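**Q** One structure coming up, written as structure tokens, with questions to follow.
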Amino acid sequence: MSNRFTARDHMCRMRKHLPLAAIFGLATLLAACVGDGVYNDVPVNSSAGSTTNIASLTAVIEANPSDATAYSTRGIAYGQAGKLDNAVEDFNRALQLNPQSYQTYANRALVYRRMGQTDQAISDYTRAINIKPDYDVAYVGRGNIYRQRGNYSAALADFNSVIARDSSDARAFYNRGLIYQAQKQDNRAIEDFATAIGLNPKAAAPYTARGISYLAVNDPTAAFSDLSMAVNLDRNSAVAWANRGLALEMLDKPKDARRNYNKAITLDNSNKIAREGIGRIGRT
């Protein structure tokens with residue numbers, strides 16, 4: 001009983017000192033951490049753009065100059081290697097040869113997103129959807145851009161469309177959960193993150209997101225469990241380490257919290273949650 005009262009009393013003290021943004025607005029700090037597993041839309045793989053690989057793909061194009069797939073394949077390799085201008089050039093050529101390739105529109109949209117050209121990316125995702133109305137990849141990609149822009153109604157429409165057709169798409173549940181989280185509907189967010197985790201248990205981002213929502217509903221024990229899984233899956237996530245520190249602080253474990261905050265600062269010196277946490281622990 002005494003431990004329970006200690007944790008409760010500590011939470012009450014923290015509510016006096018923690019800014020509301022730290023407890024209830026953590027979703028805004030999550031965007032930078034979305035990038036592991038299936039949640040990374042444009043993975044960088046320098047080996048894919050190696051001289052040998054590109055030369056091999058170029059030889060295929062030279063042997064088949066009217067093959068749209070050959071250009072698209074090399075464009076994907078350029079995109080994975082971070083050679084984005086080259087990727088766009090190849091996708092442009094592929095679409096000239098085959099303007100009905102919805103996959104190529106979606107691949108070019110990914111590259112446009114990486115370049116920060118989100119209007120062009122939305123346009124390409126929409127073209128892909130117009131060609132193939134049940135192409136979930138395009139709905140998820142377009143919905144994620146809408147979400148990042150704060151256009152939640154449009155984003156929800158895209159994610160709901162995917163979920164209605166195929167309940168096995170982890171990204172749709174995850175991204176819809178982020179919207180619920182941003183709208184302070186954390187219990188609904190927790191449900192979607194749980195579904196995403198069930199569909200893809202090896203991705204760190206949904207554990208981090210669910211942990212943040214557990215913090216928002218004042219369940220630091222559940223938050224600590226999720227955030228521990230997140231840092232096990234992604235040791236370089238400053239967001240996960242910082243929020244794990246917050247969970248430990250709420251559980252009245254300041255020494256452990258300090259270690260987590262320090263780890264987060266080592267990874268990201270500008271992490272606000274970790275810096276404010278160190279400041280609080282230093283004053284207690």
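**Q** Please pick out the residue among Gln100, Gln120, Gln148 that is outside any loop (DSSP other than H, G, I, E, B) and more than 30 Å from Ile190 (Cβ to Cβ). Let's see the steps before the verdict.
**A** Values: Gln100 fails: outside any loop (DSSP other than H, G, I, E, B); Gln148 fails: more than 30 Å from Ile190 (Cβ to Cβ).
Going through Gln100, Gln120, Gln148 in turn, the sole match is Gln120.
**Q** Show the residue pairs meeting these rules: Cβ distance below 7 Å; 6+ apart or different chains; first residue within the stretch 89-104 and free of Cβ contacts under 8 Å to residues at least 40 places away in the same chain; second residue in a loop (DSSP other than H, G, I, E, B).
**A** The qualifying pairs are Ala94/Ser101; Leu95/Ser101; Leu97/Ser66; Tyr102/Lys132; Tyr102/Tyr135.
**Q** Quick check, is Asn107 of a type outside the set (Lys, Arg), farther than 30 Å from Leu178 by Cβ and touching a residue at least 24 places away in the same chain (Cβ under 8 Å)? Show your work before the answer.
**A** Values: of a type outside the set (Lys, Arg): yes; farther than 30 Å from Leu178 by Cβ: no; touching a residue at least 24 places away in the same chain (Cβ under 8 Å): yes.
In short, no.
**Q** In the stretch 75-133, how many are within 23 Å of Ala59 (Cβ to Cβ) and of a type in the set (Asp, Glu)?
**A** 3
**Q** Which residue out of Tyr174, Tyr112, Tyr135 is open to solvent by 30 Å² or more (accessible area, probe 1.4 Å) and within 27 Å of Pro201 (Cβ to Cβ)? Lay out the reasoning, then the answer.
**A** Numbers: Tyr174 fails: open to solvent by 30 Å² or more (accessible area, probe 1.4 Å); Tyr112 fails: within 27 Å of Pro201 (Cβ to Cβ).
Exactly one residue qualifies, and that residue is Tyr135.
**Q** Among the residues of the stretch 176-193, is there at least one that is acidic (Asp, Glu), farther than 26 Å from Asn218 by Cα and in contact with a helix residue (DSSP H, G or I) (Cβ under 8 Å, 6 or more places away or on another chain)?
**A** no
Per-residue answers, yes or no, for (1) more than 23 Å from the chain's Cα centre (by Cα); (2) open to solvent by 40 Å² or more (accessible area, probe 1.4 Å); (3) farther than 30 Å from Ala189 by Cβ:
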| residue | (1), (2), (3) |
| --- | --- |
| Val60 | yes, yes, yes |
| Ser66 | yes, yes, yes |
| Ala94 | yes, no, yes |
| Asp124 | no, no, no |
| Leu156 | no, no, no |
| Ala164 | no, yes, no |
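**Q** Please find, within the stretch 240-271, the residue that is nearest to Phe224 (Cα to Cα) out of those that are open to solvent by 30 Å² or more (accessible area, probe 1.4 Å) and under 19 Å from the mean Cα position of the chain (by Cα).
**A** Step by step, filter the stretch 240-271, then rank; the result is Arg244.
**Q** Going by the structure shown, is Asp85 under 26 Å from Asp134 (Cα atoms) and either open to solvent by 40 Å² or more (accessible area, probe 1.4 Å) or modelled with pLDDT under 90 (or both)?
**A** The answer is no for Asp85.
**Q** I need the full set of residues from the stretch 225-265 which are under 16 Å from Thr208 (Cα atoms) and among the acidic types (Asp, Glu), in order please.
**A** Asp226, Asp234, listed by residue number.
The values are calculated or read from the model by the stated rules, or taken from the named source; none is laboratory data. As the structure is a computational prediction, the values presented were derived from the model and not from experiment. Please note: Cβ atoms are built from the backbone with ideal geometry, for glycine as well, and neighbour counts cover all protein chains shown. Side chains included, ligands, DNA and RNA excluded: accessible areas come from the protein's heavy atoms. Shrake-Rupley method; radii C 1.70, N 1.55, O 1.52, S 1.80 Å.
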